[in-house]
Structure formats: structure tokens, C-alpha cells
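S.K.: Let me give you the structure first, and then I'll get to my questions.
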Amino acid sequence: MIRLASLFLLVLLAFPLSAHGEPFQVLQVNFEGTVSPASEEMLIESISYAQDSGVDLVLLRIDTPGGLGQSMRSMVKAILNSPIPVAVWVGPAGARATSAGVFLVAASDVAGMAPQTTIGAASPVSVTGDDIQKTMQAKVQNDFISLVRAVAARRDRNIEWYAESVQSAASITAAEALEQNVIEYVSPSVHDFLADIGEGGFTHDGEAISFAGNQVVLETFKPGFSYSVLSWMLHPQIAYFLLLGGMIGLFFEITHPGAIFPGVLGGICLLMALYALSVLPTTAAGILLILFALVLLGLEVAITSYGLLTVAGAVALFMGGMLLFRDPYGYLHIPTWLVLVPSLIFVAFASLIIWLILRSRKTRFTSDSDSIVGQEGTVISWEKENGQIRVRGEIWAATAALSDFTPSRDTKVKIVARNGLRLQIEPLSPEPTNANG
């Protein structure tokens, strides 16, 4: 009996069990890139999946330069209110958690970083990437500082450093973050991080949690194809390019009816862009300026303005791109050069189309001048020596080549000469004469 008890004790020491007598289930969520509505949706979906699947811990592995302030707030809210503990690990080596990523680390139940990673630089910036000025800077910065202080205080982390990361754009390495109580662990890999937090333990909603490293069952969350498409489409620069692509396709279809492919492709791009713009924080002024640029370029085809409308369209397109996005937290912007280059390319492309159209019209006009002579037409109306005739479906002003020729309606005539926009005609066949007597 004593031997059985000793054997049982050895088994327990060799294979420790969790508090629930089951393996410790961990769901790893990999997040790389900018913080956007797509990443927000992925995090919320992963927490919901973990709750339904009986997962014990959600591990968010991040490498982000920042992103949308509103999406960041939603992700912080999801982490703070998650019924399942959420751990954040910045990795692998070379990764970063800057701007919005700082808030995700601060909100986590337990945080770690890989060696050779950085965290910080959470100061808000304007839509052009520059510092926000004066009153708006104070408002946004104070809002961010109050948020990060409250979150860091809840997790018992270095409140002053987190506030400084927003106020002074402070940035530190993983070793410095550990030393200054910004994070709890520096771990070279996900498995090492899980072993560290399992051994050291952490709390979630007042409940102490610990586990052994050999109890961990790690599952990777797969967001699916829709997330990949959504995250790609909701990137501000991609949304802007889709909008320009849609405009170019429709412009080509309008100026060249029957091409079909440019119109279809342009319509798809435009619909995708409109969806992305409906999700991203955009301004009506930016969208209207871009659409106005398309109208001006379209008018250039119909009105001879010697390039004035094209220049005006280029200015409207550039200003529309600069004003298109307005993130109240200042993380979302399109670089100036990225707005300028597509504007110049778009104008050059539109100018080429306009030149081809004008050239084709001139060629057709010259060709018509030579080929219309000798054609047959039908009189539409006539008064004295002048009237109108229909030739090849076109209506022309006409005058009689013979002084005694006065045709009636529906008379078939022949064009013998052309003078500008007026044709000279003569009877197609001799007019019938009445016999006397």
C-alpha cells in the first residue's frame, strides 16, 4: 500500500496537473501590421472563439508600428473586458510595439518581449505624419495619457513610463522595459514566454493563475481568408489606390464606350474602395474633391481649355488625397509623396487619353472631309437655296450646286463639294419634267 502511494506521488511530481486537472489550453493569435478595424475584428473573434472552446489563455503575439486610434481603443477595451486572460508577447527578435501597440501591451494581463525588440513612441501625430499643433495636440495627447495611465495602473505597471511614451515619444528595449516594470518577462520565444508566466504566475480578475510548461497545449488561431482580404483592403494607402483605380477605369470606359474590361475592373475597384472608405475615418471634403477631379478631367474631353481643366483636376485630386483621412487620434495618414505621385500619374494618363481622343477626332474629321464628297443623302428640309440633308446618319447644312435646283423633302441627292460645315448638292438623277400637250 505504501509503495502504491509513493508511486502515485512520483507520477504527480513528474506530470503536474493544472488547477482544473486538465492541460492548460492556450490560443495564440498572431498580429502583424497596422492596427485597423480588421485587427480589431480578429481580436474580438479570437476571444469569442477561446471562450466557446474552453481556452484558458489568449496569447497575442504582436509586431506593429501602430495604427488607428479608434481601433486601438476597441482592442484595449476587448482585452480589459475579456473573460479569458490575455497575454501579449512582442516578438520575434526585431519586432516592435510602437504607437498603438504600447496600449495593447499595457492592457494585457501579463506582458513579455523577445530580446532585440522595442516598445514606445506612442505620441499622437497628424494625418500627414507630423506633430499635431497647439490645442489639438494638447487634447489628443491628454486623452492618450489618461488612457494609458489608467490601463497601466490597473495592471500594476510603470505608470510614469507609459505616460512618458505618449508625452515624449519615449522608446526602450526589451531589457530596459523589464528593468523599468513596463513588462514582466523577456523571453526569446513563445514557448519560453509561456513557461515563464506559468512558473511565475499572474492574476486575472483577482484570480491567481499558474501552470507547468509541460501542461501547455498551444493552438494557433486562424482568422481565415476574409481577414486577409479585409486587412489588405482597409489599409489607407490601398483604399486610396483602389479609389484611383476605380476612377481611371470608369473614366476610360466613359471616354471609350464598349471597352468593357476597364469599366468592369474600375467598378469593382470603386466598390471595394467605397467599402473601405465607409469603415475608415474619411472626410466628405476629401471624397468630393477627388470626384470633382474626375469631373474636371471628363470635361477636358468635351471642352477645349488648353489643359486648364486638367491642371485644376490635378490640384483637386492632390488636395482630396491630403484631406481624405481624418483620424481623431492622429495615427492614420498618407505620406505626401504617395498622394503626389499617383496624382501626377493619373493626370498624365488622363492627358494621354484626351490626346488620343482629340487625335482620333481630328483624323476622323479629316477622313470625313475627303470621303463625304460623292456620298448620297436625303433632304430633310429645304427653303429657297438652303436646307438640311441626312448623310450616313448625320445631319448637314446644304446648299444647291445648281441655281435652278430646289429639292423637296425626302429627295435623294448627291454631295458634289464641301465648304467647311456646309455641303453642296445636286440631283441624284434628273428631275422628272411634265410633258405639255
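The values are calculated or read from the model by the stated rules, or taken from the named source; none is laboratory data. Only a predicted model underlies this, so the values are computations on that prediction, with no experimental measurement involved. Neighbour counts run over all protein chains shown; Cβ positions are idealised from the backbone, glycine included. Note: accessible area is taken over every heavy atom of the protein model, side chains too, but ligands, DNA and RNA are not part of it. Shrake-Rupley method; radii C 1.70, N 1.55, O 1.52, S 1.80 Å.
S.K.: List the residues, sorted by chain then number, that are 5 or more residues from ALA170 or on another chain and whose placed amide H is less than 5 Å from its amide H.
M.R.: Under 5 Å from the amide H of ALA170: ALA121, ALA122, SER165.
S.K.: Convex hull over the Cα atoms of region 193-267, averaged projected area in nm²?
M.R.: That works out to 8.5 nm², a quarter of the Cα hull's surface.
S.K.: Moving on to the next point. With every protein chain in place, what's the accessible area of LEU178 (1.4 Å probe, Å², nearest 10)?
M.R.: 80 Å²
S.K.: Hey, rough spin-label estimate for ILE238 and ALA153, points 7 angstrom out along Cα→Cβ, what's it come to in nanometres?
M.R.: For the pair ILE238/ALA153, the computed spacing is 3.9 nm.
S.K.: Taking all protein chains together and a probe of 1.4 Å, list SER231, SER36 from the most accessible to the least accessible.
M.R.: From most accessible down to least: SER231, SER36.
S.K.: For THR283 and ASP52 in one chain, what is 0.36 nm times their gap in residues minus the Cα-Cα distance, to one decimal in nm?
M.R.: 79.3 nm
S.K.: Order the following by accessible area, largest value first: TYR275, TYR162, TYR227. Probe radius 1.4 Å; ligands, DNA and RNA are ignored.
M.R.: Heavy-atom accessible area, descending, gives TYR275, TYR227, TYR162.
S.K.: Using only Cα atoms, figure out Rg for region 28-185 and give it as a multiple of 2.2 N^0.38 Å.
M.R.: 0.97
S.K.: Per the Debye formula with a single identical scatterer at each Cα and no solvent contribution, what log10 I(q)/I(0) holds for region 234-295 at q = 0.27, 0.29 Å⁻¹?
M.R.: -1.10, -1.19
S.K.: So how exposed is HIS191, as accessible area in Å² (1.4 Å probe, rounded to 10)?
M.R.: It works out to around 130 Å².
S.K.: Then there is this: What figure, in Å² to the nearest 10, do you get for the accessible area of VAL341 with a 1.4 Å probe and non-protein molecules left out?
M.R.: Counting only protein heavy atoms, the figure is 70 Å².
S.K.: Something else about it: How big is the Rg/Rh ratio for region 141-239, C-alpha atoms only, Rh by Kirkwood, two decimals?
M.R.: Checking Rg against Rh, the ratio lands at 1.06.
S.K.: Dividing the Cα radius of gyration by the Kirkwood radius, what Rg/Rh value follows for region 172-317?
M.R.: 1.31
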